[in-house]
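Novice: Attaching a single structure in structure tokens format; questions to follow.
Derivation of every value follows stated rules applied to the coordinates shown; laboratory data play no part. The model shown is predicted, which means the values in this text are computed figures rather than measured ones. Neighbour counts run over all protein chains shown; Cβ positions are idealised from the backbone, glycine included.
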Amino acid sequence: MAEILVAVDRAAGRLVEQLVTGLRDGIRAGRITGGTVLPPSRQLAAELRLSRGIVVEAYQQLVAEGYLLSRAGAGTWVASGHTVEHSAATPAEPADSEPEFDLTPGRPDLAAFPRAAWVAALRRVLSNLPHADLGYGDPGGVLRFRKEIASYLRRVRAADATPDRVVAINGSAHGLALGLQALYERGHRVLAVEDPSADRPRGLLAASGMKLIGVPVDDAGLVVSELRRTDATVVFAGPAHQYPTGVVLAPSRRAELIAWARAVDGTILEDDYDAEFRYDREPVGCLQGMAPDRVLYLGTASKSLAPALRLGWAVAPPDLGARMRDLRGDSDLGGSVLDHLVMSHLIAQGAYDRHLRTVRRRYRQRRDALLGALAQELPQWRVRGVAAGLHVLIDLPPGSEETALAAAAQARGVRVQPLGPLRFAPGPPGLVLGYAAVAPGRLAQAARRLGKAAGEV
Ligand SMILES: Cc1ncc(COP(=O)(O)O)c(C=O)c1O
């Protein structure tokens, strides 16, 4: 049985008619949807301070009109199919229909989300949680979460993490926004960003108020000599697996980057978004472990579990972390304590590690399937960044039209990401192909279609 909102003006008379109109309008407008069980007549009459007979009569009238259904013992509920489609008022559906093969990069396999483990952990958390812990949590994240994340990051990412340095965030984008706000307050005004890099956070980078400068990436990662030529004091980079090139920041560059940060009294924002997924290369620890005083580390569950969680973790130098925590408290009073506790439980019980092992195997198979199919269908394409992550980068043959190729692929049902929108400065043509969310057989089909699309442009 659902609560419903229906108003009746008792002074205006014709009460049955008013109630019938109010309910009918609510059903037609879609406010009261098909299947909704209405309150018993006695209850609704009491709420509206009407006699019960008026409600009974109104319900009977609507049953007669077909808007309601009723059965003795089961109550009265709304019949389906009476919502009137709004032409002008309802926003149009996006014109872009879902492609048959979506190779948009950065998407994990959402079908692999560990639903059963998550539900079991939530049940466990809720059955043990004192009532008092359902209040507002620490805006920086509940202590249990910060402890589990710190120990996980020390173990798996060689981070220099302690619970007091961890700040819970709603994904890395949120941590980035908080960190930039805190850095702006301290007078930082120029932000360097890897070129190319993800376009999704560009809006929030620009909203920081800092000037954005693209700095090139080569086969050894961010070109620090170019960074030194700028007046940036903050840099946003992905040392473990640069997006979209997949390059690992070389050891000499890591040392150079940290030296740069020390020299300019600067901060490195480390995007460690998919470091869990490496297949045939040595693990590389995070940069934060080498320079905890200079690095704001950003980790996320968006690739390892699902973006829908909006769950992430920052590890910050103490002053910066304290300010981020305060800013978080001032902006939204903190995140979901329950989600943080569920995540802590999954890590502590080993379920998160088990999940990562499962999806890593799956992604590796998909990566191999895509590489095999591309080698067969498009041997002229140079494929880069294959050793880790959820995507590969294609260097297209010189003179290729990446936008036309992406459009031709889209027309054949395959969505891919052209490299151009990820660049600051113009550069050679390329495509980024995500493989994690697509089954191996379908990747082979997608590659065949890409081969046909390439033959057309
Ligand atoms: C390079 C990169 N880092 C991080 C993220 C994840 O952002 P969030 O953790 O806010 O979901 C994305 C999302 O697309 C991304 O492309």
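Novice: How far apart, in nm, are the 7 Å Cα→Cβ label points at residue 98 and residue 445?
Specialist: In this crude label model, residue 98 to residue 445 measures out at 1.4 nm.
Novice: Can you list, bin by bin at 10 Å, the percent of alpha carbon pairs in the chain, starting at 0?
Specialist: 4, 17, 22, 20, 16, 11, 7, 2, 0
Novice: Could you calculate the contour length gain from residue 356 to residue 384, that is, 0.36 nm times the residue separation minus the distance between their Cα atoms, to one decimal place in nm?
Specialist: Value of the extension gain: 7.7 nm.
Novice: Once label points are set 7 Å from the Cα along Cα→Cβ at both residue 9 and residue 116, what is their separation, rounded to one decimal in nm?
Specialist: Inter-label distance under the simple model: 5.9 nm.
Novice: Rounded, prolate or oblate, given the Cα gyration tensor of segment 10-78, with a/c below 1.5 counting as rounded? Please list the in-between numbers first.
Specialist: On the way: a/c = 1.70, a/b = 1.24, b/c = 1.37.
Oblate, since a/c reaches 1.5 and b/c is not below a/b.
Novice: With an 8 Å Cα cut-off and a minimum separation of 6 or more residues, compute the relative contact order for segment 252-308 in percent.
Specialist: It rounds to 40 percent for segment 252-308.
Novice: Report the Rg/Rh value for segment 113-349, based on alpha-carbon coordinates and the Kirkwood definition of Rh.
Specialist: 0.97
Novice: How far apart, in nm, are two points set 7 Å out from the Cα along the Cα-to-Cβ line at residue 71 and at residue 184?
Specialist: Output for this residue pair reads 5.8 nm.
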